[in-house]
1. Just the residues that are surrounded by 14 or more Cβ atoms within 10 Å (Cβ to Cβ) and β-branched (Val, Ile, Thr), please, taken from the stretch 182-202.
2. Wholly within the stretch 203-262, which helices (runs of 4 or more DSSP H) include no fewer than the required count, namely at least 1 residues that are in contact with a helix residue (DSSP H, G or I) (Cβ under 9 Å, 6 or more places away or on another chain) and surrounded by fewer than 16 Cβ atoms within 10 Å (Cβ to Cβ)?
3. Criterion first (over 25 Å from PRO245 (Cα atoms) and small (Gly, Ala, Ser)) does ALA304 satisfy it?
4. Residue by residue through the stretch 171-194, note down the ones that are more than 22 Å from GLN254 (Cβ to Cβ) and modelled with pLDDT of 90 or more.
5. Any idea which residue in the stretch 337-374 is surrounded by the most Cβ atoms within 10 Å (Cβ to Cβ), counting only those that are of a type in the set (S, T, N, Q) and in a helix (DSSP H, G or I)?
6. Scanning for something modelled with pLDDT of 90 or more and farther than 18 Å from ALA121 by Cβ, does the stretch 220-238 turn up at least one residue?
7. How many of the residues in the stretch 277-308 are crowded, with 18+ Cβ neighbours inside 10 Å and of a type in the set (Gly, Ala, Ser)?
8. Could you count how many residues in the stretch 340-356 are charged (D, E, K, R) and more than 13 Å from LEU145 (Cα to Cα)?
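The values are calculated or read from the model by the stated rules, or taken from the named source; none is laboratory data. Since the structure is predicted, the reported quantities are computational estimates derived from the model, not experimental observations. Here the Cβ is made from the backbone with ideal geometry for all residues, glycine too, and neighbour counts use every protein chain on show.
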Amino acid sequence: MNRADDVANLFQRFGASSEGYLEIDDSLDYHETPVDSVFPATPPRVTDQPVPEQTCAAQPAETPDTAPDLQMTPTAKGAASGVLANLLAEAAQARQAEAQARNNEALVQSLFKGQPPRTAARVIAVVSAKGGVGKSTLSAAMASLVRVPGAQTLAIDLDPQNALMHHLNASPDVAGLGGASLSGENWRTLLLTGSCDTQVLPYGALPLDERRSLEHFQENDPHWLVRQIARMQLDARDVVILDVPCGDLRMLQQALTAASQVLVVLTADAACYVTLDQMQGWLEPVLAGSQPPACHYVINRFDASRTFSRDMYDVLARRLGERLLGVVRDDYALAEALAYGHNAVQAPSASPGTQDLRVLSNVLIARLLTQDVEENRLS
């Protein structure tokens, strides 16, 4: 039996016929055309010889009206991306020019200006060298409790975290002092009403470039904050509470320059103790000036149940002496007030911490009134 019979039998087994079967002739040896012959390394030289006529008829070109080309050519794509890149570059240049213009305006405003007249109001700067000591909580309580008869108390948040307005339950419906400073607005027109009939000015939200412009204002004018508060035209019996951010030395210097009283917030722990030298180093140039502010300290969040806290209190009290104005006990009511959206000092039944805050505010009010009597006597 030859190979043809084998193939026929195989086809019959599957119900087919072998009549259409063709064997492949493997005698053909195919050779691929070399790449260089199809794509020569050196392009052929273009001559002036006439192009021979094509053997097949040329297809008619499609007109835009009948068959538009929906695919963008590489050249068109490059042109479009180039136009977009130019537009983006122009937008970036315009943004940089606007920021530079603000910086130049800040420089112009600060040059050739002497020390401005200070506000007649009492300015209390609440500061700390360490975060997490309850500075904003204390500032909100002082804004709620320190009230001189016949006057108003304002709270100004110098911290970009904008925590003070939340402690006072004020609705953030204004841009804040950051944007107002860049646009030249009077801060007094942006005051918000908070709990306990308080008035608060938030810092506001600023993009990075605008915040840098505001920093240029402060760098070029050491009395920037003094000027802003003076523009509010407050009365001599008014009180301004400044919530000063921790870690921002530029804003701290502005606040110390504007303040008539400085309230340094501490906690009874080793971390605050080791920062005392640093804080006193920042205060020393201001206290040595011609109009030094009164400077006092407050121990906040004091836990009398811990022996270590009591010992730290004794150490701090010996070091600070009469400059220690008061102690505020650690109180869950103060810690939870922000979460529940209410002002802790408004509670009818005073908790231990709110009792201490009321005592502290009464001491501050007495000192403010005594200072008024002393200045009237000297005048």
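1. The answer is THR198, VAL200.
2. 208-220, 249-258
3. It is true that ALA304 is over 25 Å from PRO245 (Cα atoms) and small (Gly, Ala, Ser).
4. If the condition is that a residue be more than 22 Å from GLN254 (Cβ to Cβ) and modelled with pLDDT of 90 or more, then THR193, GLY194 are the ones that fit.
5. THR354
6. yes
7. 0
8. Total meeting the criteria: 0.
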